[in-house]
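A single structure is presented below for examination.
The values are calculated or read from the model by the stated rules, or taken from the named source; none is laboratory data. Quick caveat, the model's predicted, so the values are computed rather than measured. No Cβ is skipped: glycine too gets one built from the backbone with ideal geometry, and neighbour counts run over all protein chains shown.
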Amino acid sequence: MKFVLTSILLQIIQPLLLLIATFKWGDWRNWEKYYPTILFIICLDFFSSILMYEHPLWIYKESLFLPNHTLTDFFIVFIMYPTVILLFLANCPSKRMAQIGWILLWITTFSVTEFISVASGLGAYENGWNFGLSVLFNCVMFPILYIHHHKPLLAWLLALSVALYIILSFHFPIETMK
């Protein structure tokens, strides 16, 4: 029962709420301003999916609505990420302390969502990854997304540095990659 409720919450209710919030508060008229950052997060996700194909750090498990990791990842990439970027960047305050609070709100939201997903069995960690590392990753990801919106080359350098650190820290077996 908990699995069913969590599936409904995370794969129907949460996306619907995000879509409604995006239609209400997202900057749809100027979506082109956010499009590069949407593509940036999609590229990073696909890069990590390819890199982690044989050595995953986290996996999405079968649910009532999404039968495997790949379809869940596509759902997140093509539905969740664009709405998140439109809400996150379009409503980011201009004052530094308010920006920090805004970023912390998104870090917390993503971390709580992941905690619920893993606790309910919709996701799992592998190869040394854990919830604390996911929170730390969120603490890095949202500032990089903000930076990308203003200074894309710097964001790419930071993202590639994080990727290299993860590759080295989690001993990705380069020789087994396809």
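Kindly list, by first and then second residue, each pair from a residue in region 134-146 that is at pLDDT 95 or above to a residue that is hydroxyl-bearing (Ser, Thr, Tyr) and not in a helix (DSSP H, G or I), limited to pairs with Cβ atoms under 9 Å and residues at least 6 apart or on different chains.
Going by the 9 Å Cβ cut-off, the qualifying pairs are 134/125.
Also: Between a residue in region 37-51 that is of a type outside the set (Phe, Trp, Tyr) and any residue that is modelled with pLDDT of 95 or more and not in a helix (DSSP H, G or I), which pairs come within a Cβ distance under 6 Å, given they are 6 or more apart or on different chains?
none
Got at least one residue in region 51-66 being part of a helix (DSSP H, G or I) and of a type in the set (S, T, N, Q)?
No: region 51-66 contains no residue that is part of a helix (DSSP H, G or I) and of a type in the set (S, T, N, Q).
Go through region 112-156 and give me each residue that's part of a helix (DSSP H, G or I) and of a type in the set (D, E, K, R).
114
List the pairs whose first member sits in region 75-101 and is touching a residue at least 60 places away in the same chain (Cβ under 8 Å) and within 17 Å of residue 34 (Cα to Cα), whose second member is surrounded by fewer than 18 Cβ atoms within 10 Å (Cβ to Cβ) and among the charged types (D, E, K, R), and whose Cβ atoms are under 7 Å apart, counting only residues at least 6 apart or on separate chains?
86/27; 90/27
Please determine, by comparing only the residues of region 157-176 that are surrounded by 12 or more Cβ atoms within 10 Å (Cβ to Cβ) and assigned to a loop (DSSP other than H, G, I, E, B), which one is modelled with the lowest pLDDT.
Looking at the filtered set, the residue picked out is 172.
Continuing with this model, one more query. Give the residues of region 102-111 that are in contact (Cβ under 8 Å) with a residue 24 or more places away in the chain and among the aromatic types (Phe, Trp, Tyr), sorted by residue number.
Answer for region 102-111, where residues must be in contact (Cβ under 8 Å) with a residue 24 or more places away in the chain and among the aromatic types (Phe, Trp, Tyr): 106, 110.
Within region 50-57, is even one residue under 22 Å from residue 169 (Cβ atoms), touching a Gly at 6+ places or on another chain (Cβ under 9 Å), of a type outside the set (Gly, Ala, Ser) and at pLDDT 90 or above?
Yes, the conditions are met somewhere in region 50-57.
Go through (1) in contact with a Ser or Thr (Cβ under 8 Å, 6 or more places away or on another chain); (2) within 23 Å of residue 159 (Cα to Cα) and name the single condition residue 96 misses.
Evaluating residue 96 over (1) in contact with a Ser or Thr (Cβ under 8 Å, 6 or more places away or on another chain); (2) within 23 Å of residue 159 (Cα to Cα) leaves (1) as the failure.
Right, something else. From the residues in region 1-41 that are at pLDDT 85 or above and among the polar types (S, T, N, Q), which one is surrounded by the most Cβ atoms within 10 Å (Cβ to Cβ)?
Only one residue tops the list, namely 37.
I want to confirm something. Restricting to region 57-68 and keeping residues that are in contact (Cβ under 8 Å) with a residue 12 or more places away in the chain and surrounded by fewer than 18 Cβ atoms within 10 Å (Cβ to Cβ), which single residue is nearest to residue 132 (Cα to Cα)?
Taking region 57-68 and keeping what is in contact (Cβ under 8 Å) with a residue 12 or more places away in the chain, we get 57-61, 63-66.
Now drop any that are not surrounded by fewer than 18 Cβ atoms within 10 Å (Cβ to Cβ), which leaves 59, 61, 64-65.
Working: 59: 16, 61: 20, 64: 27, 65: 28 Å.
Ranking the candidates gives 59 first.
If I go through region 117-156 residue by residue, how many of them are exposed (fewer than 13 other Cβ atoms within 10 Å of the Cβ) and under 23 Å from residue 100 (Cα atoms)?
Going through region 117-156 one residue at a time, the tally reaches 5.
On to the next question. Based on what the data block shows, is residue 72 in a helix (DSSP H, G or I) and in contact with a Phe, Trp or Tyr (Cβ under 7 Å, 6 or more places away or on another chain)?
Judged against the criteria, residue 72 is a match.
Now, a different point. Specify which of the listed residues (71, 44, 104) is surrounded by fewer than 18 Cβ atoms within 10 Å (Cβ to Cβ), within 29 Å of residue 170 (Cα to Cα) and modelled with pLDDT of 95 or more.
104
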